[in-house]
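The block underneath contains the structure these notes are about, expressed in structure tokens.
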Amino acid sequence: QAEIQATKTRAKAMETSKADKLIFAAMPFAPQYEDVFFVAMTYAAEQVGAVCDRVDRREFQGNVVEEIHRLIRKASAVIVDLSESKPNVLYEAGFAHALKKPCVHICSTPMDKLPFDVAQWKTTEYHSGQTHKLRKDLAQRLKAILD
């Protein structure tokens, strides 16, 4: 809990800073994935001088899909959590791929359950409750694709 709170504080500071790089988080919006965003994704983005954001954490008016499109277009890279093969996440991943955005794929559910086309992507497996171990991997992957 302390790590999540500290990361939330760092994320707020980064939001108000002049960071010009955005990392878009395409992920399931469920309590069991909160630590993935706050512990691993925001940390990895900070390591490359960027801010990690997801659509449900933003204030905006209008259509949510249009906002997702806007954020993905603006993003330097996209972190895609393929856990549970959620349709909204697969849609966002497909949109990012169509725009040729660099994507880092992660997953905590059995990899053999991923749809065939998605299963071909390089995907970092992580275990629920151990997202602190995902931090370094994500940071390294982001550095590699953004350098």
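Every read-out reported here was derived from the displayed coordinates using simple, explicitly stated rules and does not represent laboratory data. All values derive from a computational prediction rather than experimental measurement. As a convention, Cβ positions derive from the backbone with ideal geometry for all residues, glycine included, and neighbour counts pool all protein chains shown.
Where both bridge residues fall in the chain, DSSP classifies roughly 0% of the beta bridges as antiparallel. The Cα trace of the chain gives Rg and Dmax of 14.1, 41 Å, the first to one decimal, the second as a whole number. Please state the shape class of the range 83-147: rounded when a/c is under 1.5, otherwise prolate if a/b exceeds b/c and oblate if not, all from the C-alpha gyration tensor. Judged from the Cα gyration tensor, the range 83-147 comes out oblate (a/c at least 1.5, b/c at or above a/b).
Spatially, the range 79-136 and the range 41-67 are offset by 17 Å when compared through their Cα centroids.
With 22 Å as the limit, the listed pairs K100/K122; K86/K136; K21/K133; K100/K133 have K86/K136; K21/K133; K100/K133 beyond it between alpha carbons. In the elastic network of the chain, a GNM with C-alpha springs shorter than 10 Å, the most mobile of D112, D137, D35 is D112.
Dipole magnitude for the chain: computed about the Cα centre from +1 point charges on Lys and Arg Cβ and -1 point charges on Asp and Glu Cβ, it is near 420 debye. A dipole drawn for the range 16-130 from +1 and -1 charges on Cβ atoms has a positive end, and of V36, C107, F60 the residue lying farthest that way is F60.
Projecting the Cα atoms of Y126, A98, L22 onto the dipole axis of the chain, where Lys and Arg carry +1 and Asp and Glu carry -1 at the beta carbon, places L22 farthest toward the positive end.
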